[in-house]
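Here it is, the structure, as structure tokens.
The values are calculated or read from the model by the stated rules, or taken from the named source; none is laboratory data. What you are looking at is a predicted structure, and each value in this text was computed from that prediction instead of being measured. Using ideal geometry, Cβ is built from the backbone for each residue, glycine included, and neighbour counts are taken over all protein chains shown. Side chains included, ligands, DNA and RNA excluded: accessible areas come from the protein's heavy atoms. Shrake-Rupley method; radii C 1.70, N 1.55, O 1.52, S 1.80 Å.
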Amino acid sequence: MSAVSLHKSKPRIAIVGAGVSGLTVAVVLAETFGKQFELTVIAEKFSPDTTSDRAGALITPWITPAEDEGVFQRDVRKWAPTTFHHFKHLHRCNSPVGNENGIFRMPIYEFHSKQCQPASWLRALFQDYQELSKDEAKGMGLPYQGFESIMTYTMYLVRGTVYLPWLMRVFRERGGLITKRKIESFAELSTYDIIINCTGLGARELAGDRSMLPVRGQIVVVKATTPPQVNGIYHSMEVDCSKFAHVFPFKDIILLGKYIFSFIIAGDIQ
């Protein structure tokens, strides 16, 4: 503890980064500890200028084959139920006439290029989980050619441009502080007792973490003049999880996205 902190009435915590990770951490701390800490979110950019605003945010576990019981899958087994029930609660908090926090509940249709049998715990998490044959998919008007596994269940979709301002409002209502500034070094935050790094890819430079690598992806935003005639979320992936594509429908727009796990060196980032 620094000499400065000995004279403060309560510890100071800095959360660096104002994307979905940073604001979620900030809200959880504010709701869990109340005013025991002085909480400050520090970032160069806030909504609507963050990566989280532009991303299509589907709340679903990483689907891996049932036989995959590595460390990553064990972690997902712990995270998935907690996240699912958290967003279920947030969705229920919306009023009957509006969607204040940008969380929507709708069916998802997953398409896999090869046979993929999710682990039993994952199937149990979604009570309406169902595997579809190609004939069933065809009868529902779904794409089926070229896919070996097709599954459906109900999940939550998040509109970042609504969810992030909502998180910011909740954080401020609970006494949180906001500082807009660019941090070049954690040494600039020496007056804080705890620093929580939520800078995402920015940690590559800020924390010297060269293991942080980007993935290549594109998102096309299609404006809908009438409510989209799409009956759910479409999500396809290669069996090795190397390529993804998705269709995320909202009331006024549709997000068409694709991303590939080909790491890009820093000089290629646009």
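Give the residue that is modelled with the lowest pLDDT, with candidates limited to residues of region 174-184 that are open to solvent by 70 Å² or more (accessible area, probe 1.4 Å) and more than 17 Å from Thr50 (Cα to Cα).
So in region 174-184, the residues open to solvent by 70 Å² or more (accessible area, probe 1.4 Å) come out as 174, 177, 180-182, 184.
The next check asks that each one be more than 17 Å from Thr50 (Cα to Cα); those that pass are 174, 177, 184.
Values: Arg174: 94, Leu177: 96, Glu184: 91.
My answer is Glu184.
Working carefully through the options Thr82, Thr64, Thr50, find the one that is surrounded by fewer than 18 Cβ atoms within 10 Å (Cβ to Cβ) and either at pLDDT below 75 or under 18 Å from the mean Cα position of the chain (by Cα) (or both).
Details: Thr64 fails: surrounded by fewer than 18 Cβ atoms within 10 Å (Cβ to Cβ); Thr50 fails: surrounded by fewer than 18 Cβ atoms within 10 Å (Cβ to Cβ).
The unique qualifying residue is Thr82.
Continuing with this model, one more query. Quick check: is even one residue across region 237-248 of a type in the set (A, V, I, L, M, F, W, C), at pLDDT below 85, open to solvent by less than 80 Å² (accessible area, probe 1.4 Å) and farther than 20 Å from Ser149 by Cα?
If we filter region 237-248 for residues that are of a type in the set (A, V, I, L, M, F, W, C), which is where we start, we get 237, 239, 241, 244-245, 247-248.
Filter again for at pLDDT below 85, leaving 237, 239, 241, 244-245.
Cutting the leftovers down to open to solvent by less than 80 Å² (accessible area, probe 1.4 Å) gives us 237, 239, 241, 244-245.
Still in the list and also farther than 20 Å from Ser149 by Cα: none.
No, that holds for no residue.
With within 24 Å of Arg12 (Cα to Cα), of a type outside the set (Ser, Thr, Tyr) and exposed (fewer than 13 other Cβ atoms within 10 Å of the Cβ) as the only criterion, which of Ala187, Ala203 stands out? Before the answer, list the steps.
Details: Ala203 fails: exposed (fewer than 13 other Cβ atoms within 10 Å of the Cβ).
Step by step, each of Ala187, Ala203 is checked, and only Ala187 is within 24 Å of Arg12 (Cα to Cα), of a type outside the set (Ser, Thr, Tyr) and exposed (fewer than 13 other Cβ atoms within 10 Å of the Cβ).
Another question, then. Tell me which of these Ile194 doesn't satisfy, since it passes every other one: (1) of a type outside the set (Lys, Arg); (2) surrounded by fewer than 16 Cβ atoms within 10 Å (Cβ to Cβ); (3) under 30 Å from Lys251 (Cα atoms).
Unmet for Ile194, out of (1) of a type outside the set (Lys, Arg); (2) surrounded by fewer than 16 Cβ atoms within 10 Å (Cβ to Cβ); (3) under 30 Å from Lys251 (Cα atoms): (3).
Looking at Phe171, Phe147 in this structure, which one is in contact with a strand residue (DSSP E or B) (Cβ under 8 Å, 6 or more places away or on another chain), under 30 Å from Ile108 (Cα atoms) and either of a type in the set (Phe, Trp, Tyr) or open to solvent by 70 Å² or more (accessible area, probe 1.4 Å) (or both)? Step through it out loud before you land on a result.
Numbers: Phe171 fails: under 30 Å from Ile108 (Cα atoms).
Answer to the check: Phe147.
Further question: Which number in (1) surrounded by fewer than 15 Cβ atoms within 10 Å (Cβ to Cβ); (2) modelled with pLDDT of 70 or more marks the one condition that Ile269 misses?
(2)
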